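The values are calculated or read from the model by the stated rules, or taken from the named source; none is laboratory data. Values in this document were obtained by computation on a predicted structure and should not be read as measured data. Note that each Cβ is placed from the backbone with ideal geometry, even for glycine, and that neighbours are counted across all protein chains shown. Heads up: the accessible areas ignore ligands, DNA and RNA and are worked out on the full protein's heavy atoms, side chains in. Shrake-Rupley method; radii C 1.70, N 1.55, O 1.52, S 1.80 Å.
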Amino acid sequence: QVQLVESGGGLVQAGGSLRLSCVASGRVFRLNTMGWYRQAPGKQRELVATITSGGSTNYADSVKGRFTISRDNAKITIYLQMSSLKTEDTAVYYCNTVDAMTRQVYWGQGTQVTVSS
């Protein structure tokens, strides 16, 4: 089993910044790609960004140039630095990973990000 715990959400004005963190624990030795997804009210959950254990990153077009995903492998932690936030970034942000052997998907409990105009 893997546990993911997010932190760092909150309320921020448009144009502001927030940094999210996600710490993994448990059977972390089989984790490779970790990432962030988000779900706004009435919408489907969508990919925000992913990062492999080697540091390769992938971003949704809507956040490119504004969000940066990073990873500390020693701490089994990923971060999402969000800048130039827009009201449309308002959502619950979820940390995600997949066990490389079993392909079991794990989700954190989510952290709310609210961007006010």
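Computed values, structure above
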| item | result |
| --- | --- |
| Some residue of region 56-69 being in contact with a strand residue (DSSP E or B) (Cβ under 7 Å, 6 or more places away or on another chain) and under 17 Å from residue 108 (Cα atoms) | yes |
| Selected residue (criterion: nearest to the chain's Cα centre (by Cα)) from residues of region 11-43 that are within 20 Å of residue 89 (Cα to Cα) and loosely packed, with under 13 Cβ neighbours inside 10 Å | 17 |
| Search result, residues across region 61-80 that are open to solvent by 20 Å² or more (accessible area, probe 1.4 Å) and under 29 Å from residue 14 (Cα atoms) | 61, 62, 64, 65, 66, 68, 70, 71, 72, 79 |
| In region 44-60, the residues that are in contact with a Gly (Cβ under 9 Å, 6 or more places away or on another chain) and open to solvent by less than 70 Å² (accessible area, probe 1.4 Å) | 47, 48, 49, 50, 51, 59 |
| Filter result for the condition that a residue is modelled with pLDDT under 95 and not in a strand (DSSP E or B), over 102, 33 | 102 |
| Residue satisfying all of: in region 81-102; under 11 Å from residue 33 (Cα atoms) and more than 14 Å from the chain's Cα centre (by Cα); least open to solvent (accessible area, probe 1.4 Å) among these | 99 |
| Within region 103-115, considering residues that are in contact (Cβ under 8 Å) with a residue 40 or more places away in the chain and among the β-branched types (Val, Ile, Thr), the one surrounded by the fewest Cβ atoms within 10 Å (Cβ to Cβ) | 114 |
| Some residue of region 81-99 being farther than 21 Å from residue 112 by Cβ, of a type outside the set (A, V, I, L, M, F, W, C) and in contact with a strand residue (DSSP E or B) (Cβ under 8 Å, 6 or more places away or on another chain) | yes |
| Residues of region 81-99 satisfying the condition of being farther than 15 Å from residue 10 by Cβ and in a strand (DSSP E or B) | 94, 95, 96, 97, 98, 99 |
| Residue selected from region 61-79 under the condition more than 19 Å from residue 116 (Cβ to Cβ) and in a strand (DSSP E or B), by the criterion farthest from the chain's Cα centre (by Cα) | 72 |
